[in-house]
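Undergrad: Quick one: the structure is below, and I'll ask about it shortly.
Any read-out appearing in this document is the output of simple, stated calculations on the displayed coordinates, not a laboratory observation. Given the structure is predicted, the values throughout are model-derived calculations rather than measurements. Note that we place each Cβ from the backbone using ideal geometry, even for glycine, and neighbour counts take in every protein chain shown.
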Amino acid sequence: MKVSLPDLAAMKRFGREIAEALRPGDVVALTGGLGAGKTTIARAIIAGLGHQGEVPSPSFAIVELYEPPSVRLPLVHADFYRLSRPEEAEEIGLDDYREGAALIAEWPDHAGGFAHEPGCLSISLEVLDDGRMAIVEGGDDWLGRMPQ
Ligand code: ADP
Ligand code: MG
């Protein structure tokens, strides 16, 4: 499925749709180069889950954890850009963070990739002259949950 995201308002709407469909254990894998809009989508999802206020980019901390009651469900926002080996995801305790939580992963390929996990929604962002294009892939279950 392709989704046209011409401006920031469209990014916010799209993120909110994902937030409404998100369940514990899900993975949202965000790919695309630097500046493609991965953190922008992540922020919109986190806001859609109820978080108010700033959402720092996790590029330095690698993971940021959001927990109820400020969000509807526990969520890990990770940016794996700085991992030099996929095994480091395990070393920083990612599996512990993920227990019962949903995961939004920027640069998932640096952490071994999550695209083949059940419940993974994969969003690949392309920069256009005017905004962004998202190529969205997920299991039947995921795509059935998203507005067409
Ligand atoms: P990434 O996390 O992929 O490196 P960011 O989410 O930080 O990228 O976005 C980089 C810049 O692109 C930001 O300044 C953001 O406002 C802008 N941007 C994101 N989505 C869009 C869009 N659909 N149209 C125009 N600008 C956008
Ligand atoms: Mg980013």
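Undergrad: Out of the helices (runs of 4 or more DSSP H) lying entirely within segment 30-148, which hold 3 or more residues that are within 20 Å of Asp7 (Cα to Cα)?
TA: Fully inside segment 30-148 and qualifying: 38-48.
Undergrad: Additional query: Considering each of Arg13, Arg23 in turn, give the residue that is more than 12 Å from the chain's Cα centre (by Cα), at negative phi, in a helix (DSSP H, G or I) and away from ligand 2 (no atom under 11 Å from the Cβ).
TA: On inspection, the qualifying residue turns out to be Arg13.
Undergrad: Here are Ala61, Ala42, Ala115: which of them is within 16 Å of ligand 1 (Cβ to nearest atom) and surrounded by fewer than 20 Cβ atoms within 10 Å (Cβ to Cβ)?
TA: Result of the check over Ala61, Ala42, Ala115: Ala61.
Undergrad: Kindly indicate the residue of segment 61-82 that is of a type in the set (Val, Ile, Thr) and touching a strand residue (DSSP E or B) at 6+ places or on another chain (Cβ under 9 Å) and also farthest from Glu99 (Cα to Cα) among those meeting that condition.
TA: Of everything passing the filter in segment 61-82, Ile62 is farthest from Glu99 (Cα to Cα).
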